[in-house]
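Take a look at the structure set out below.
The values are calculated or read from the model by the stated rules, or taken from the named source; none is laboratory data. Model, not experiment: these values are computed from the prediction. Heads up, the Cβs are rebuilt from the backbone with ideal geometry, glycines too, and the neighbour counts pull from every protein chain shown.
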Amino acid sequence: MHRNIRACVAVLLAAVGAQVLPSAPPAQAQTAPTAAELRINGAVSTPLVLTVSDLKKMPRKTISVMNPHNKKTEMYEGVLLEELLRRAGVAQGEQLRGASMATYVIAGAEDGYRVVFSLAELDSGILESEVMVADTMDGAPLGAKEGPFRLVAPHEKRPARWVRMLKSITVVRAEAQ
């Protein structure tokens, strides 16, 4: 019976100039998944879209921190957020003054979690915060629940501004009042 219905539909479609084609899997099933990306945008001169591979080619830093949640020492490796902001063209060092001192950075996670840092907190000319975008922990890539990117703020008393599954860094200039 299904053959008869299909044949009738084919005859009707042929009459109007259409064709019956074999069903194909959905388009998203046919394309390979894209690599995870970290976007740096907002008040930057050069917006960036970075992959883990891109981070591996940049100056790397390793830090050892005590994670108060699990009471374990963890070794993170990645790129300082200061370096990523520099590459995006954000004012740093002596250029970070005046109205730029009211600039802030929003770090956003895949699950919607967001935290804020002032730009001055991320500038080693002002403070050695060593906030980094990590892509490895204890020598291995970050797991799916942590990465592929994680923002780590090693000198904070509690890891409230650590961001798992980091997806975006947005630079915002506060409006003058």
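Give the residue, chosen from Ser45, Ser53, that is part of a helix (DSSP H, G or I), at pLDDT 95 or above, of a type outside the set (Asp, Glu) and loosely packed, with under 15 Cβ neighbours inside 10 Å.
Matching residue, one of Ser45, Ser53: Ser53.
Does Glu82 count as more than 16 Å from the chain's Cα centre (by Cα) and either at negative phi or not in a strand (DSSP E or B) (or both)?
Details: more than 16 Å from the chain's Cα centre (by Cα): no; either at negative phi or not in a strand (DSSP E or B) (or both): yes.
Spelling it out, it is not the case that Glu82 is more than 16 Å from the chain's Cα centre (by Cα) and either at negative phi or not in a strand (DSSP E or B) (or both).
Return a yes/no flag: does the stretch 111-127 have any residue that is over 19 Å from Thr46 (Cα atoms), among the aliphatic types (A, V, I, L, M), surrounded by fewer than 15 Cβ atoms within 10 Å (Cβ to Cβ) and over 21 Å from the mean Cα position of the chain (by Cα). Don't jump to the end; show me each part of the working.
If we filter the stretch 111-127 for residues that are over 19 Å from Thr46 (Cα atoms), which is where we start, we get 111-118, 120-121, 124-127.
Cutting the leftovers down to among the aliphatic types (A, V, I, L, M) gives us 115-116, 120, 126-127.
With the extra rule that they be surrounded by fewer than 15 Cβ atoms within 10 Å (Cβ to Cβ), the set shrinks to 116, 127.
Of the ones still in play, those that are also over 21 Å from the mean Cα position of the chain (by Cα) are 127.
For the stretch 111-127, residues over 19 Å from Thr46 (Cα atoms), among the aliphatic types (A, V, I, L, M), surrounded by fewer than 15 Cβ atoms within 10 Å (Cβ to Cβ) and over 21 Å from the mean Cα position of the chain (by Cα): present.
Take the residues of the stretch 62-78 that are surrounded by 15 or more Cβ atoms within 10 Å (Cβ to Cβ) and over 11 Å from Glu130 (Cβ atoms): which is farthest from the chain's Cα centre (by Cα)?
As a first pass, look at the stretch 62-78 and keep what is surrounded by 15 or more Cβ atoms within 10 Å (Cβ to Cβ): 63, 65, 74, 76-78.
Still in the running and over 11 Å from Glu130 (Cβ atoms): 74, 77.
Values: Glu74: 21, Glu77: 16 Å.
My answer is Glu74.
Pairs under 7 Å by beta carbon, first residue of a type in the set (Asp, Glu) in the stretch 104-118, partner assigned to a strand (DSSP E or B), six or more apart or different chains?
Glu110/Lys167
Can you tell me which residue in the stretch 56-79 is modelled with the lowest pLDDT, limited to those that are assigned to a loop (DSSP other than H, G, I, E, B) and among the basic types (Lys, Arg)?
Within the stretch 56-79, the match that is modelled with the lowest pLDDT is Lys71.
Can you say whether Ala134 is under 18 Å from the mean Cα position of the chain (by Cα), closer than 14 Å to Arg39 by Cα and of a type outside the set (D, E, K, R), as far as the supplied structure shows? Walk me through it before giving the result.
Working: under 18 Å from the mean Cα position of the chain (by Cα): yes; closer than 14 Å to Arg39 by Cα: no; of a type outside the set (D, E, K, R): yes.
So Ala134 fails the test.
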